[in-house]
Amino acid sequence: MEEPGVRQRKKAATGSSHGHETGSDAKSGSAFPKVYVLLAAVLVLALYNFLALVKRPLNQFLGAPTRHLPGVRTNYVPTFTVDEAKQDAVVEAFKVRKLERDAMGDDEYHPISHAGSNLTKAGGIGIPAWVADKLSFERDGNLNTFETTIRVLGGLLSAYHLSGEDPVFLEKAEELGSRILPAFETESGLPLSLINLALREGVPDKDNSGFISTAEASTLQLEFRYLAYLTDEDTYWEKPEKVMAVLRASETPSGLASIFVDSKMGRYQTSSIRLGSRGDSYYEYLLINQTELVYREMYDTAMTGIHTHLVQRGLSGQLLYTAELNPQRTQNGEIGWRLVPKQDHLVCFLGGSLMLGATTSGALVHNVSIPPRTDELTEQGERDWLTGVELINTCMATHDTQTGLAPEIAHFRILGDGVDNSVAPADWYIKGARPNAPPPFDARYILRPETVESIFIAFRLTGDPKYRDYGWAIFQAIEKHCRIPTGGYASVINVDQVPVEYDDKMETFLMSETLKYLYLLFADSSVLPLNEYVFNTEGHPLPVFNPTIRTGFS
Ligand code: DMJ
């Protein structure tokens, strides 16, 4: 497997060697025929582009049939009605008994031991939306820059908007934003992984040789941009924006991002390319800033890169998934890339994101139908929509386990993989989850939201009730296997084993994302409409606004 960037670079190298030949031809006096060939090629290309541009409008003019993409056919924006019974059931799940008594203001909850805990010894920073009078950022410990931004800053900004602009949330958000900013004080402008809020100092992550993961470095702009907009303070805009300029400059032609960047040098490290852990929200946030041409280009290139290098079809032809690329040294010392047929649960955000992208970045008209018609989308939009639909199906297929919950990591069968058919009869399997063996990390379900997030988006964009059925099935599996009778929800150690064993941990994203997206799935379509709100990567809705500052890089 060739490295996506390298393959493009090889083409470029071939191009330059042709250039050299042209030069010697010119010297020998035979340049004219080549000039004509070149001219002809340019004309053919121009004609091709022109035809591609007019194909759809021409088809429409000639009355050629257009297709509705899968979904419930309507030509207008439907108003989905609320499913009250199911929505109420989700609301009940939010009411975690004893949470307030046991863990008010703490960063995490342990529903079995009825205790809260914090991410550092210095004390909590109120991640579960605990603000009131006691919220303090005077915490002398190393917090993750990204998590603090998406969970706390994003949560405060969303609360500010949704509360009808209660100033206490904005004051806290601004205080927190100013304490996070020093993380960007590096040679390159890429942030450091950790931040000490009390000392107002960025701290490199020793565990990863001082590198920061790409998702963490690049998933900060949305929150800081909105803070800049609300406070009129340009620095909040400029610092995270610089990150994107640096990443853009280090980008390979495929638009795919390695999962680590070096904050010092401002360059991608040779590391895995994947859409799961450490890569995921880089792609998610490219879509969010679609008003800016540069992000649109980065998004379009990356989605094409994903289709060219990562999208794979499973053995039976039924399931589409995205593989990972792992770097490895070849015999001649160069870096080669190995395709690994493995998909994190985290990747399940991509189905909904692609469908949303098809209706924005990939739309030919301002308001696309629900579901879109083929003549309303560009070819890329149509491609992304169809891939998105299939990826959601695959994510649902990975819920075909003993518990009905999906594992943290699904591996896909490939020809000649040597995997025993009795262990993995289907297209996909959980690695190492054998009878009597200790359950591997891959087999867990830690209350993650990505599949229900995509399902919610797909339902809003298609109106297809099957998505509500999918969401309800997942909710019921969570209720059945993760709910602790005394209150709260715990992670499950092996999704393919009943009765389940618990890990005594309720991640905050259960409430900020998983339950929230389920609630919205059953809500009527006027609640947080997708054309008026964007959801940050932790599920905090922020209103779409007209930026007063522009990006300033290309
Ligand atoms: C959340 O914290 C965010 O969505 C993040 O971007 C990655 N995924 C976790 C939940 O799974």
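The values are calculated or read from the model by the stated rules, or taken from the named source; none is laboratory data. These numbers were taken from a predicted model, which means no experiment stands behind them. Note that we place each Cβ from the backbone using ideal geometry, even for glycine, and neighbour counts take in every protein chain shown. Protein only, heavy atoms only, side chains kept; ligands, DNA and RNA dropped before computing areas. Shrake-Rupley method; radii C 1.70, N 1.55, O 1.52, S 1.80 Å.
Under unit Cβ charges (Lys, Arg +1; Asp, Glu -1), what dipole magnitude, rounded to 20 debye, does the range 142-232 have relative to its Cα centre?
Rounded to the nearest 20 debye, it is 120 debye.
In the full protein assembly as shown, how much of residue 113 is accessible to a 1.4 Å probe, in Å² to the nearest 10?
Rounded to the nearest 10, that gives 70 Å².
Quick check: residue separation of residue 473 and residue 332 times 0.36 nm, minus the Cα distance between them. What number comes out in nm?
My answer for the length gained is 45.6 nm.
Just the accessible area per residue of the range 225-332, please: how many Å² with a 1.4 Å probe?
It amounts to 38 Å² per residue over the range 225-332.
What does the accessible area of residue 506 come to, in Å² to the nearest 10, when a probe of 1.4 Å is used?
10 Å²
Taking the simple approach of a point 7 Å from Cα along Cα-to-Cβ for both residue 386 and residue 136, what is their distance in nm?
Placing both labels 7 Å along Cα→Cβ, they lie 5.9 nm apart.
Distance check, please: which entries in 466/505; 480/516; 98/121; 172/239; 95/342 exceed 26 angstrom between their Cα atoms?
In this structure, 466/505; 95/342 exceed 26 Å between Cα atoms.
Run a plain Debye calculation on the range 181-286 (Cα atoms as equal point scatterers, no solvent) and give log10 I(q)/I(0) at q = 0.11, 0.16, 0.20 Å⁻¹, rounded to two decimals, same order as the q list.
-0.31, -0.66, -1.02
Using +1 at the C-beta of Lys and Arg and -1 at the C-beta of Asp and Glu, which of 391, 406, 378 has the Cα lying farthest in the positive direction of the dipole of the range 375-415?
Going by the charge dipole, the pick is 406.
Keeping all protein chains in place and using 1.4 angstrom, which order do 355, 511 fall into by accessible surface area, from largest down?
Accessible-area ranking of 355, 511, largest first: 511, 355.
Please report the carbon-and-sulfur percent of the accessible area for the range 390-443; probe 1.4 Å, protein heavy atoms only, DNA, RNA and ligands left out.
52 percent
Pop the C-beta distance of residue 526 and residue 208 into the FRET formula with R0 = 41 Å and round what comes out to the nearest 0.05.
After rounding to 0.05, the efficiency reads 0.40.
Sort 496, 106 from largest to smallest accessible area, using a 1.4 Å probe on the heavy atoms of the protein chains.
Highest to lowest solvent-accessible surface, that is 496, 106.
Determine the gain in length on full extension of the stretch residue 200-residue 304; use 0.36 nm per residue of separation and subtract their C-alpha separation, reporting nm with one decimal.
Stretched fully, the residue 200-residue 304 segment lengthens by 33.4 nm.
With all protein chains present and a 1.4 Å probe, how do 401, 235, 291 order by accessible area, largest first?
Per-residue accessible area, sorted high to low, gives 291, 235, 401.
Set the Förster radius R0 to 30 Å, insert the Cβ-Cβ distance between residue 97 and residue 402 as r into 1/(1 + (r/R0)^6), and round the FRET efficiency to 0.05.
For residue 97 and residue 402, the calculated efficiency is 0.65.
Of the heavy-atom accessible surface of the range 232-364 (probe 1.4 angstrom), what whole percent is carbon and sulfur?
Carbon and sulfur: 46 percent of the exposed surface of the range 232-364.
Output the relative contact order of the range 434-510, whole-number percent, from Cα pairs under 8 angstrom with separation of 6+ residues.
So the answer I get is 37 percent.
Rounded to the nearest 10 Å², what accessible area does residue 165 show when all protein chains are kept and the probe is 1.4 Å?
Here the accessible area works out near 100 Å².
Quick one: length gained pulling residue 379 to residue 291 fully straight, 0.36 nm per residue minus the C-alpha distance?
My answer for the length gained is 29.7 nm.
Under a plain spin-label model, where a point goes 7 Å from the Cα along Cα-to-Cβ, how far apart in nm are residue 232 and residue 175?
Modelled inter-label distance: 2.3 nm.
If you count only protein heavy atoms with a 1.4 Å probe, what accessible area per residue comes out for the range 463-554, rounded to a whole Å²?
40 Å²
Based on alpha-carbon centroids, what's the gap between the range 110-125 and the range 314-384 in Å, whole number please?
If we compute the Cα centre of each part, the gap is 37 Å.
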